[in-house]
Every structure is written in structure tokens, then in C-alpha cells.
1. Being open to solvent by 20 Å² or more (accessible area, probe 1.4 Å) and either outside any helix (DSSP H, G or I) or modelled with pLDDT of 90 or more (or both): is that true of Ala659 here?
2. For the condition of a type in the set (Asp, Glu), farther than 25 Å from Leu107 by Cα and more than 32 Å from the chain's Cα centre (by Cα), what is the one hit in Glu352, Glu376, Glu423?
3. If Thr268 meets every condition in (1) in a helix (DSSP H, G or I); (2) over 30 Å from His418 (Cβ atoms); (3) without any contact (Cβ under 8 Å) to a residue 60 or more places away in the chain apart from one, which number is that one?
4. How many residues, within the range 474-500, are at pLDDT below 85, touching a Leu at 6+ places or on another chain (Cβ under 9 Å) and open to solvent by 30 Å² or more (accessible area, probe 1.4 Å)?
5. Which of the residues that make up the range 607-616 are crowded, with 22+ Cβ neighbours inside 10 Å and of a type outside the set (D, E, K, R)?
6. Name the single residue that is surrounded by the most Cβ atoms within 10 Å (Cβ to Cβ) among those in the range 219-264 being of a type in the set (Gly, Ala, Ser) and assigned to a loop (DSSP other than H, G, I, E, B).
Amino acid sequence: MSLTLAAPLAPGERLLDGYRPPSGVYDELLGPDGRPREAWLPLLDKLEAAGPQGRELIGRTTEQKLLESGIAFNVHADPDDRQAAWRLDLLPVILDAAAWRELEAGLIQRARLIEAVLQDLYGPQRLLRSGVLPPSLVFGNPEFLHACVGWPSPPKRFLYVYACDIARDPGGGWRVLADQIDAPAGNGWLLASRVALSQGLGELYLESGVRRVASFYARLQSALQAAAPGEDGRIVVLSPGADDPSFFSHAYLARYLGYALVEAADLTERDGQLYLKTLEGLQRVGLVLRKIGGRLADPLNLPNRTGGGTPGLVQAARLGRAVLANGLGSGVLQNRALAGFANDLAETLLGEPAMLREAPAIWLGDPAAREQVLDEAGWVVSRLTARHDPGLTGDRVDPLAALADDDARRRLLAREGHLWIAEQPSPLPTTPAFDGQRLAPVHWAMRAFVAIDDEGCHVLPGGLVRQSPVSGVVGLPNGHGSKDLWVLREPGDSLAPSILGRRLAQVHLRRTGRDLLSRTAEQLFWLGRYTERAETVLRVLRAVSSRLIEDGGADRQPELLEALLAIYLSAGAEDGDDHRRRIGRALERLIYDPEPAYGMRRNLDGARRNATLARGVLSQDGWRILNALFNDRRWRQSRRSVLALPPIDIVNDAIHQLASFAGTAAENMTRNYSWRFLDIGRRLERALEMVALVAALTRPRQGVDETLALTALLEIGDSFMTYRSRYAVAPLPVPVLDLLILDETNPRSLAFQLATLEGHLAALPHDGPYRSPAQRKVLGLLTEVRLIDPDRLAAAEEGAALDAFFARAGAELAPVSDLLGRAYFVLAETPTSTLAMRRGEPAEAGEH
């Protein structure tokens with residue numbers, strides 16, 4: 001959030017006092033006479049009247065809403081990582097209706113022009129034959145997909161969504177900085193920013209007269225539904241995955257539109273039909289809203305050297321059995337490919353002059369342009385069709401910078417000039433932004449979005465604004481924060497209807513949940529395991545901390561506390577003679593250190609990562625609980641002495657939050673495969689943890705008091721009060737073992753976990769009439785537990801039988817995770833562990 005509180009305004013001082021935009025650029029706030037434009041006055045007056053405390057509250061609320069949304073360039077990054085953070089200024093850019101009409105008309109014309117060019121390039125190619133476009137601009141472009149030329153059933157249209165990076169020129173007109181055509185990104189960021197800012201401003205937003213953006217997404221949704229062939233085909237959003245900087249935008253858009261977010265490995269082509277892999281089998285896909293590059297879509301039919309994509313995707317599209325939005329090959333006009341040609345193309349194809357000017361750019365396939373770039377300073381060279389989305393780094397590579405002399409540069413450009421574009425930095429306009437409690441000018445440009453359907457082009461009444469500290473930049477600024485763009489309604493305009501309201505009349509009653517993606521099933525399974533593991537570790541931390549601080553446990557029962565910590569830390573990790581300090585260091589490692597496999601940092605990272613990936617099937621409340629727990633800065637403090645500052649508060653808070661998440665899942669999730677895999681993960685992890693805890697604390701240990709150990713075991717197993725209500729005696733081995741191992745009415749017992757697991761596994765799809773391998777493992781162990789004679793536990797505890805049972809239980813439960821993975825999680829072909837290794841994370845057995 002850009003709003004920071006400096007000294008409050010002095011009496012009589014205004015927000016605008018001292019606002020001085022630089023000369024030579026267009027300022028959005030001040031008119032030519034130096035007075036504020038009429039569109040800005042209502043909002044500025046209300047912000048000024050709110051006072052410093054009111055503005056601070058607005059800023060805090062907006063920041064909190066952004067944090068709750070999870071918006072970031074890297075959804076797995078530390079929330080304090082400024083490079084991954086999404087920064088939103090409190091003050092939007094405001095355009096009145098007249099200014100917007102001018103821009104809207106230009107964007108509609110631009111979308112029509114691009115569609116006409118694409119239809120020609122992949123059809124009759126008259127533009128190439130007539131010389132309007134040079135052949136090397138097209139055929140030498142790696143984004144021109146020859147496999148998509150001359151289809152017997154050409155696409156009805158290439159464009160469904162078009163995005164244009166655009167800025168004001170010094171005279172107030174609009175000029176194009178880049179065309180985003182292949183897989184336009186950013187409308188999810190725009191939505192999340194609008195939601196957060198509107199909730200932060202509250203009444204100020206409601207009274208502002210701003211056009212809502214819902215109508216655009218309703219149009220887009222209708223266009224996609226109308227274009228999908230048949231009635232049974234699903235619509236999916238195809239994303240590169242969570243490592244892509246635009247993943248949040250893809251996921252947010254998919255959730256808003258109500259479509260499944262998939263990756264290439266989730267799709268398969270069979271006999272010319274495109275299918276989605278689900279646990280219930282293959283489901284036909286009718287339309288793919290594509291967020292991956294066209295060249296990367298199909299390794300079988302396209303020049304894709306990365307190995308990604310869905311083999312056969314081109315075949316399904318060529319036969320007209322699956323629609324790709326945008327159409328394959330549209331990336332040939334990406335970025336600045338039309339620079340220098342747009343005016344002639346508009347006259348040729350549309351019979352009208354281009355309404356939007358081009359920012360200065362020349363194509364280096366032209367010999368004269370090459371000489372101009374070598375002779376004149378100030379040109380910035382980059383790839384013709386490069387992507388310049390927010391969050392991308394290193395996207396502009398100048399091939400001439402590494403060459404020592406002009407001769408080498410000339411040879412390179414003569415050989416590869418058709419692949420490059422040269423641009424000149426041009427001045428960006430300014431708009432007000434908060435600098436402390438005052439307004440200061442900041443440079444800006446924006447990305448505008450257009451939806452295309454059978455009725456024409458529809459421009460989103462807003463935009464993704466990116467800020468820049470300097471004026472002379474090339475393309476859309478990156479790395480300096482964002483703003484919302486408000487377009488004011490004209491008198492008589494009505495509010496756009498909610499996207500949910502307009503869908504009600506089209507809904508056919510369904511009860512879904514059996515069509516879960518295998519990738520999502522895996523993410524939910526590991527979410528359940530990580531949250532349950534975190535809760536168990538927290539209960540151990542609480543048991544150790546309370547005894548260490550309150551009971552003098554380091555002196556009275558050091559062996560017990562070290563036995564508890566040894567379950568999660570390797571032996572010998574904390575050496576030294578002082579029990580108190582050794583136990584304190586072990587607690588610090590489990591709480592603050594990101595390295596231990598069972599440490600809280602690792603558990604929270606795993607839970608948040610899988611919750612982010614499976615967010616589409618989680619409730620909003622469940623997501624908010626986990627996101628707030630992950631974002632709690634107390635976990636990322638430098639390691640503090642738990643002896644000086646006991647961690648009881650953060651541990652108790654985290655236990656309450658995880659209990660809230662479990663309750664939300666139990667009460668808010670429908671009983672479908674999503675809920676089952678989440679609960680399977682929880683039950684399996686709880687069973688494994690209970691076996692480890694009971695084995696550790698019921699085994700006779702030198703120096704460990706049996707009663708104290710059993711009391712700690714009951715506390716960690718959240719069963720102390722149940723024991724007290726049944727037995728008016730100090731904890732004894734047999735009743736404790738009965739309660740925590742054999743009692744199927746105790747939701748913390750091993751028997752309860754096994755019975756619940758067996759029920760879940762029986763309800764999952766599997767081949768043949770027989771039980772699955774995982775189900776046989778669980779059922780076998782459950783049968784053994786049910787057949788244990790409680791009267792023999794007293795004898796068993798004195799011998800090796802009980803230890804053998806715990807060893808056998810752990811050995812039987814450990815493979816269940818892998819058995820589930822082979823049966824249900826391999827359908828997507830890219831296991832989470834592989835993705836973790838690609839991110840450079842350590843590969844640990846059983847870790848996801």
C-alpha cells in the first residue's frame with residue numbers, strides 16, 4: 001500500500017497544496033489552466049474531509065483486503081518479500097465519460113483491426129501478397145504457427161480477449177505501447193485490486209459514480225459459453241502453473257468466472273476430442289481460455305522445445321471440436337509487431353484511419369531502420385513479440401549491448417533483424433498518488449481489456465494501471481506499484497448487474513464434486529496432512545513450553561521434554577549440558593527455523609502452498625484462516641529466546657486458527673471428493689502422529705516419570721478432559737492406551753482415524769470389484785486394532801508386543817500415501833515433488 005502516514009496536514013492546508021506535475025507531460029488531475037478537473041473533485045474533497053485518521057483507516061482496510069486475497073507475483077513467496085508483493089496506491093486514476101468514450105472507440109477499432117489481420121494471415125494472406133506486410137515479418141516470426149494455416153474449418157474468430165498497453169501523449173491523446181494478444185494477462189489483478197479498494201473506501205466508492213466492471217466479465221462469459229461447441233463441453237482456464245508470475249491473476253479470474261483452472265498435463269486429446277482428466281474419468285472440454293503461449297500449447301504439432309503443453313491440442317482445434325481463446329497463432333502480432341504498419345492496415349482492411357497513435361518504434365527487418373538505430377542514440381532494442389507482463393523480470397534483452405563494434409552489430413541485425421524491434425522511450429503522463437499525507441505526481445500507463453463476441457467489441461470500463469518514478473520508459477512500467485482506474489458513469493447510466501445474478505436463469509441443477517482434478521486431489525491431500533502435522537507439532541510445543549516455563553520442567557522432567565522434542569528433531573541436534581538451554585534451543589528451531597522438516601515454518605509453507613493451488617475448491621473462510629496464519633509475522637521473526645519471551649501466545653493462536661480451519665472444512669464443504677481427500681490427508685497424518693506419540697511416551701524411559709508422560713500424552717491428544725470424566729485416578733497406561741488407540745468414539749484415537757480412512761477409501765473410484773491396495777492396508781490395521789484384547793494391554797506394556805504393534809502400525813500406514821499417489825495423483829503427470837525440485841526446494845521422502 002502506497003499510503004504511509006507522515007506528519008498530518010497543517011490547519012488550512014489542502015491535499016493539493018504543493019502538487020506540481022513536471023512540464024512537458026499530460027497531467028490527469030490538473031487541466032491546462034492549472035485547476036483540478038471536475039471528475040476528481042468529489043473524491044478529493046471526501047478524502048480531505050476524512051482527515052489523517054480516516055485516510056489511515058482506509059489504507060489499512062485496503063491493505064488487509066489485498067493481504068486476504070493473496071495477491072502477489074509469486075503466490076508462494078514470503079508475504080514480506082517486496083519483489084513479490086502487489087503494491088496498490090489508495091488514489092485511483094479517474095477518467096470522465098467523455099475521455100473514456102474517445103479511448104473506448106480507439107480500442108474497439110484496434111481489436112477489429114487485429115482480428116482482421118489474423119484472419120488474413122492464417123487464411124488467404126492477401127496482405128503478404130500485396131506487400132502491405134513484409135513476408136519476413138510474418139514467416140520469420142517464431143510466433144507464426146505454420147500448423148495453423150489453411151485449416152478446413154478455420155476459427156470463427158481469433159480474439160476473445162484483447163489487451164492493449166496504452167498511455168497518454170503530451171497532448172492528451174492516446175498512444176499504443178504494446179499489444180497483448182497471445183494470452184493477455186492481468187484482468188485477475190485488476191479485479192482483486194478493484195475489490196480491495198472498493199471495500200477500503202466503502203461509502204466513498206459507492207457515492208463516486210464509478211462504472212462497475214461486472215458487465216465486461218458477463219460479456220466475456222457469454223462469449224465463451226456461446227463459442228464452446230456442443231452442450232456438454234466444459235470451459236477451462238489453461239495456466240502455466242503456480243511458478244508463473246501471473247498465476248494469481250489466472251486463478252482469480254477462473255474463480256470469478258466459475259471455470260476450472262488447469263495445467264497442460266490435466267488435458268489429453270483422444271480421437272480429435274479434448275478431455276479433462278478427473279478422478280471419475282475423462283470429461284470433454286469444449287473451450288480453453290488460454291493463458292499459456294501459443295507456441296507452448298502442443299509439443300506434438302508446434303515448435304515447442306520446452307516439452308510442455310498438451311499433445312494433440314492443435315488437432316482438436318483444427319477439427320473444430322475444441323475452441324481455443326485466443327486462437328493459436330495470434331501471438332504473431334504480440335507486442336509491437338504492428339508498429340509502423342497499423343495506419344496502412346487500418347486503411348486497407350477497415351477503410352478508416354487508425355484512431356490510436358503508435359509509440360515510437362521501428363521494425364529492424366527494414367535495412368533503413370537498422371541504419372537508423374545504429375546511427376542514433378536512445379533506441380531500446382527487444383524481441384518483436386516479447387511479453388512484458390507485470391512481474392516479469394529480465395524480459396527486455398538488447399542484443400546489441402554485448403557487441404563491441406558497429407560492424408558486429410550490423411552483421412547481427414542483417415542476419416536477425418526481422419526478430420527485433422527498436423523503441424524510443426517516450427514521456428508518460430502523470431497522475432496524483434499519496435506521498436505520506438500529501439499528493440505528489442507519479443507517471444503511469446495502463447493495460448486496457450476488450451472482450452469480443454458476436455455482437456462486437458466491449459471494453460472493460462477500467463484498467464490495470466502501473467506506476468513509474470520516471471517519465472521516459474519503454475512499454476508498460478514494471479516494479480513500482482499499481483493503481484485502479486475509475487471511469488465515471490454518464491447521467492442515466494445504471495449499475496451493471498452481478499455476474500452471479502445473470503447466470504441464475506441459465507443454471508441446470510447439478511450436484512458436483514466427483515469431477516475433481518487429480519492434481520487438485522493431491523493438493524487437498526497434502527493440505528490436510530500439513531495442517532494436521534502443524535497442529536500436532538503445536539500441541540507438543542505448547543506442552544513443552546508450559547512445562548518449561550511454568551513447572552520448572554527443565555529441572556523436574558528434562559528427559560520427558562527432550563523425548564517429546566526428539567520426535568521432531570534428530571537426535572543430537574541440540575547438545576550441551578544445560579537441559580534448560582538445550583530444550584529452549586530446540587523449541588526455537590521448531591518455531592522459527594525454516595529448515596527442520598517438521599518445523600512450523602515448513603508446515604505453514606506447505607499448507608499455504610497447497611491451499612493456494614487448491615483454492616478453487618476451498619471456502620473463502622477456510623482460505624482466509626490459513627492465509628492469516630501464514631501471514632502472521634511472528635513466525636518470521638529472528639530466532640528469539642523462548643526462555644526470555646515464551647511463545648505460548650503464538651502457539652495458542654495458531655492452534656485456534658487450525659481448529660477453525662478444520663471446523664470450516666467440516667461444516668462448509670460438501671461431502672464430495674474434495675472434502676474426502678482433504679480429510680484423508682488429515683486422518684492419515686493424525687494416525688501417524690498418534691502412533692509416534694504413543695510409542696514415544698508409553699515406552700519405559702530412564703528418568704521419565706510414567707504419570708507425567710501419560711498426562712502430557714493426553715494433553716497433546718486433546719483427550720485429558722475425557723480421561724478425567726471417565727477415570728477419577730491419575731493417568732494409567734491401560735486406560736490411556738484404550739482411549740488413544742482403541743476407542744472408536746474418540747475422534748483423536750488411532751481406531752477412529754482408521755475407521756474414517758477406510759470409509760473414505762471405500763467411497764473413492766477404483767478398478768475392479770476388490771478393495772484397493774491402500775484400503776487393504778488400512779482395513780488390515782483397523783481389524784487388528786479392533787481385535788486387540790484390552791485386558792492384555794497390561795501384560796503387553798511390560799514386554800515387546802506393544803512396541804512391535806506400534807512399529808507394525810507405522811510400517812503399514814507409511815505406504816498409504818504412495819499408494820494413493822499411484823492410484824489417483826499420477827493422472828496429471830507432474831507430481832508436486834517434481835515442481836518443488838524445479839523451485840530448488842530440498843527433496844525429502846514423503847514431503848510435498
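The values are calculated or read from the model by the stated rules, or taken from the named source; none is laboratory data. Note that the structure is a prediction, hence the values are computed from the model and not measured. Every residue, glycine among them, receives a Cβ derived from its backbone with ideal geometry; neighbour counts consider all protein chains shown. For accessibility, only protein heavy atoms count, side chains too; no ligands or nucleic acids. Shrake-Rupley method; radii C 1.70, N 1.55, O 1.52, S 1.80 Å.
1. Yes, satisfied.
2. Glu376
3. The single condition Thr268 does not satisfy is (1).
4. Selection size over the range 474-500: 1.
5. Ala607, Asn610, Ala611, Thr612, Leu613, Ala614
6. Top of the filtered list is Ser239.
For every residue, the table says whether it meets (1) of a type outside the set (S, T, N, Q); (2) closer than 25 Å to Ala85 by Cα; (3) open to solvent by less than 20 Å² (accessible area, probe 1.4 Å); (4) within 26 Å of the chain's Cα centre (by Cα).
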{"position": "Gly622", "(1), (2), (3), (4)": "yes, yes, yes, yes"}
{"position": "Ile625", "(1), (2), (3), (4)": "yes, yes, no, yes"}
{"position": "Ile648", "(1), (2), (3), (4)": "yes, no, no, no"}
{"position": "Arg682", "(1), (2), (3), (4)": "yes, no, no, yes"}
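For (1) assigned to a loop (DSSP other than H, G, I, E, B); (2) farther than 17 Å from Leu190 by Cβ; (3) in contact with a Ser or Thr (Cβ under 6 Å, 6 or more places away or on another chain), each residue gets a yes or a no:
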site: Pro32; (1), (2), (3): yes, yes, no
site: Leu41; (1), (2), (3): no, yes, no
site: Glu48; (1), (2), (3): no, yes, no
site: Gly51; (1), (2), (3): no, yes, no
site: Arg55; (1), (2), (3): no, yes, no
site: Arg60; (1), (2), (3): no, yes, no
site: Leu67; (1), (2), (3): no, yes, no
site: Leu91; (1), (2), (3): yes, no, no
site: Trp100; (1), (2), (3): no, no, no
